[in-house]
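The values are calculated or read from the model by the stated rules, or taken from the named source; none is laboratory data. Everything numeric here is computed off the predicted structure, so don't read it as measured data. So basically every Cβ, Gly included, is an ideal-geometry build from the backbone, and we count neighbours across all protein chains shown.
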Amino acid sequence: MFDENTKVISVVGGQWGDEGKGKFIDNLAEQADVIARGTGGNNAGHTVVVDGKKYIFHLLPSSILHKNKVNIIGNGTVIDPKVLLEEIKKLQALGHSADNLKLSGDAHVIMCYHQDLDFLKSMKKIGTTGRGIGPAYIDKAARCGIRINDLLNPSTLKEKIRLNIEEKRQTIIELAPQDAEMFDSLGLTIESKEFYSKKYSDKNIPKLSEMYHEYGKELEKYVADTRAIMREAAEQNKNILLEGAQGLLLSMDHGTYPYVTSSECSAAGLASGVGLMRNGKALSVVKAYTTRVGNGPFPTELKDKLGEQIRTTGGEYGATTGRPRRCGWLDAVALRHLVGINGPHIVISKIDILTGLDELKICTEYLYEGEEISYNGKKLTTGTKIDFFPTDSTVLEKCKPIYGYSQPGWKEDISTMPRISKLYLEAIKLLTGAQIEMVSYGAEREKIFKRNKKN
Ligand code: IMP
């Protein structure tokens, strides 16, 4: 896929995350010299296979095991240093090193107060992963964030931590329950007001600062000017692979706001998150159906036995939180939105999961059923058919799917690419304007069809 004209390829999520990006990244990493992540943090989860064993990493780039390749965690990410160090140690315990890892000094740090705030405030409402992602990006935008470089400069670090704690302490204590409480869905414990009063007391600030400085010292050998590494690689005409996290519909700008993550998960957001905007190719990964984890509208969701069947066959449980993913039909309205933003190149994952279904449907339009509202210069009234993707959750919630396309399914082994499965792919192309570059039909590495250049 890399050639003289395509030196930078980004692999990004085309739906609500969990599209199976890892497999395509793994495939393309073989030909890449540099692999870089640029958005999100340990809300992401990808499976890495080491000596036949599966491990789930959240921060380390998927290709960390390729020793001769540079693996970058770029400026646009948010890093929980404790989690990153744990992942590095896990890798070392398996006999591998992370010496090929380069971490941007400008990446923002997820501090313990970010995680506490996320846990106490956003987890129930938005259904976040509870890892502190949103609050860390809030501080980045509010210009009071702490960056990886700060961890290595103890006096600056202590002062920044002090200012942040003074500002956030009261909110955290107010949000906390009087007594420790279980967070029902995940079995996690929210601590009591007394616990947080002690944790964020003036007396405890030096201890917290020391702890983060220690993390910094352990990470120091990996810290680098990652933009310079990217630039140099581009100047030397090397192959660069950008590894996206989450998916476009979770993007802060283009997703189902406010049920989104707090980073910009489009191809352009990823380019900014690594500091490299060169002519390249964006490959958006699209599952052959749709899934979503967490709260927020999902027009084609199947809340019936069929949804359950897809979840079971597809193993649709979150890699980070283990939550069951909501499953539904493919949504061509959302995919046209994707193609409009990231461009036409898509790759389809998990088409094998649809094998055996009697009928397949694709949503082609929505029917708006709600009170009259003004949206992007248009008046929407109940009964209006719409062919665009509303990025406002209150509007999308009132959109019912219109399944303008349906076809019989296939029972044959998908590795033979039955004619009827090709019809499904043709329909996706016609309904979305996308060009399908690859199709994955199983977890194993070799189970990928590549586009015949003539089509
Ligand atoms: P946050 O990123 O933890 O703030 O969560 C915000 C929303 O994004 C929630 O609905 C999460 O379930 C969702 N989310 C975050 N990361 C991922 C991911 O890697 N895959 C799928 N959903 C995600």
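Set side by side, the residues Gly318, Gly307 differ, and just one is under 15 Å from the mean Cα position of the chain (by Cα) and surrounded by fewer than 22 Cβ atoms within 10 Å (Cβ to Cβ), which is Gly318.
Within the set Lys69, Lys82, the sole residue that is modelled with pLDDT of 90 or more and crowded, with 17+ Cβ neighbours inside 10 Å turns out to be Lys69. In region 272-300, the qualifying residues are those that are more than 30 Å from Thr355 (Cβ to Cβ) and surrounded by fewer than 23 Cβ atoms within 10 Å (Cβ to Cβ), and the one that is nearest to the ligand (Cβ to nearest atom) is Asn295.
From the list Gly13, Gly22, Gly74, the one residue that fits, being closer than 24 Å to Glu264 by Cβ, surrounded by 21 or more Cβ atoms within 10 Å (Cβ to Cβ), modelled with pLDDT of 95 or more and within 15 Å of the ligand (Cβ to nearest atom), is Gly13.
One line per residue, one yes/no per condition, for (1) at pLDDT below 95; (2) over 23 Å from Val78 (Cβ atoms):
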{"residue": "Gly255", "(1), (2)": "no, no"}
{"residue": "Ser263", "(1), (2)": "no, no"}
{"residue": "Ser266", "(1), (2)": "no, no"}
{"residue": "Ala271", "(1), (2)": "no, no"}
{"residue": "Val274", "(1), (2)": "no, no"}
{"residue": "Arg278", "(1), (2)": "yes, yes"}
{"residue": "Leu283", "(1), (2)": "no, yes"}
{"residue": "Thr290", "(1), (2)": "no, yes"}
{"residue": "Asn295", "(1), (2)": "yes, no"}
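Which residue is farthest from Asn153 (Cα to Cα), if the candidates are limited to region 87-125 and must be β-branched (Val, Ile, Thr) and not in a helix (DSSP H, G or I)? Within region 87-125, the match that is farthest from Asn153 (Cα to Cα) is Ile110. Within this structure, Tyr113 fails the test of being aromatic (Phe, Trp, Tyr) and under 16 Å from the mean Cα position of the chain (by Cα). The condition of being within 14 Å of the ligand (Cβ to nearest atom) and modelled with pLDDT under 95 holds for only one of Tyr259, Tyr317, that being Tyr317.
The strands (runs of 3 or more DSSP E) found entirely in region 1-61 that carry 3 or more residues being over 19 Å from Ala93 (Cβ atoms) are 8-13, 34-37. The residue pairs whose first member lies in region 206-223 and is outside any helix (DSSP H, G or I) and at pLDDT 95 or above, whose second member is surrounded by 16 or more Cβ atoms within 10 Å (Cβ to Cβ) and not small (Gly, Ala, Ser), and whose beta carbons are closer than 7 Å, counting only pairs six or more residues apart or on different chains, are Val223/Leu103; Val223/Ile148.
Entry remark, region 18-42: residues being in contact with a His (Cβ under 8 Å, 6 or more places away or on another chain) and farther than 25 Å from Ile229 by Cβ number 0 in total.
Screening Pro135 with (1) closer than 25 Å to Gly275 by Cα; (2) in contact (Cβ under 8 Å) with a residue 40 or more places away in the chain; (3) within 14 Å of the ligand (Cβ to nearest atom) gives one miss only, at (2).
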